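Notes follow once the structure below has been shown.
The values are calculated or read from the model by the stated rules, or taken from the named source; none is laboratory data. Just so it is clear, the structure is predicted and the values come from calculations on it, not from any experiment. Cβ placement follows ideal geometry from the backbone for every residue including glycine, while neighbour counts extend to all protein chains displayed. Ligands, DNA and RNA are stripped out before the accessible areas are found, and what is left, the full protein with its side chains, is counted by its heavy atoms. Shrake-Rupley method; radii C 1.70, N 1.55, O 1.52, S 1.80 Å.
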Amino acid sequence: MKIYTRTGDEGMTSIIGGKRLPKHHPRVEAYGSVDELIAWVGLLRGMDQRCVTKEELTEIQSTLMACCTVVATDPSSEVPAAISIDNTSVLEKSIDNMQTRLPDLTSFILPGGNQNAAFCNITRCVCRRAERALLQLNETEKVPPEVLIYMNRLSDYLFVLTRCLTYESGTEEVKWNR
């Protein structure tokens, strides 16, 4: 199978269901942002850390692929039956588990501290951008609520994971002073 098709050379792409859209269409922008997020979570999966398992990060990537599939499907077409996004509770349990190991948060903190935490914080920012793109798409073409809820909870998860990575490394969180 050739990787190039030349069908996108004029700035159009196909979505599931056969419809063609401009590559700058809000639907393409939304699933493209989720695709970028999948890559960033892959970077996190490759890090040496003990806050979460690689399997948990792989499951997040898999759920994000399901989100991409849903968003990349023409609203008049049927989403493939095997696709489900029901893992928000898994994120919440992991957040709760990580928080038991962390000191209470008493102020805003500045991103950074160590490379793992910095990469995780960038991943959180990409997640927020993807969520905004999905919300913008939702204004004109409905996005399933479970996708929006999952993305919102994932950004919380990534925030807590950033804190865990900072704490695990022995790096002090830098509090924001006005």
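Brief remarks on what is shown
- Some residue of the stretch 26-46 being assigned to a loop (DSSP other than H, G, I, E, B), within 22 Å of the chain's Cα centre (by Cα), at pLDDT 85 or above and exposed (fewer than 13 other Cβ atoms within 10 Å of the Cβ): yes
- Of the residues making up the stretch 89-124, those that are touching a residue at least 24 places away in the same chain (Cβ under 8 Å) and outside any loop (DSSP other than H, G, I, E, B) number 17.
- When restricted to residues that are touching a Gly at 6+ places or on another chain (Cβ under 7 Å) and open to solvent by 40 Å² or more (accessible area, probe 1.4 Å), the stretch 90-122 contains 0.
- Candidates in the stretch 148-178 are the residues that are over 14 Å from Thr63 (Cα atoms), hydrophobic (A, V, I, L, M, F, W, C) and touching a residue at least 40 places away in the same chain (Cβ under 8 Å); of these, the one that is most open to solvent (accessible area, probe 1.4 Å) is Trp176.
- When we screen Leu105, Leu91 for residues that are among the hydrophobic types (A, V, I, L, M, F, W, C) and modelled with pLDDT of 95 or more, the only hit is Leu91.
- Restricting attention to the stretch 134-147 and to residues that are under 18 Å from the mean Cα position of the chain (by Cα) and modelled with pLDDT of 95 or more, the residue that is surrounded by the most Cβ atoms within 10 Å (Cβ to Cβ) turns out to be Leu134.
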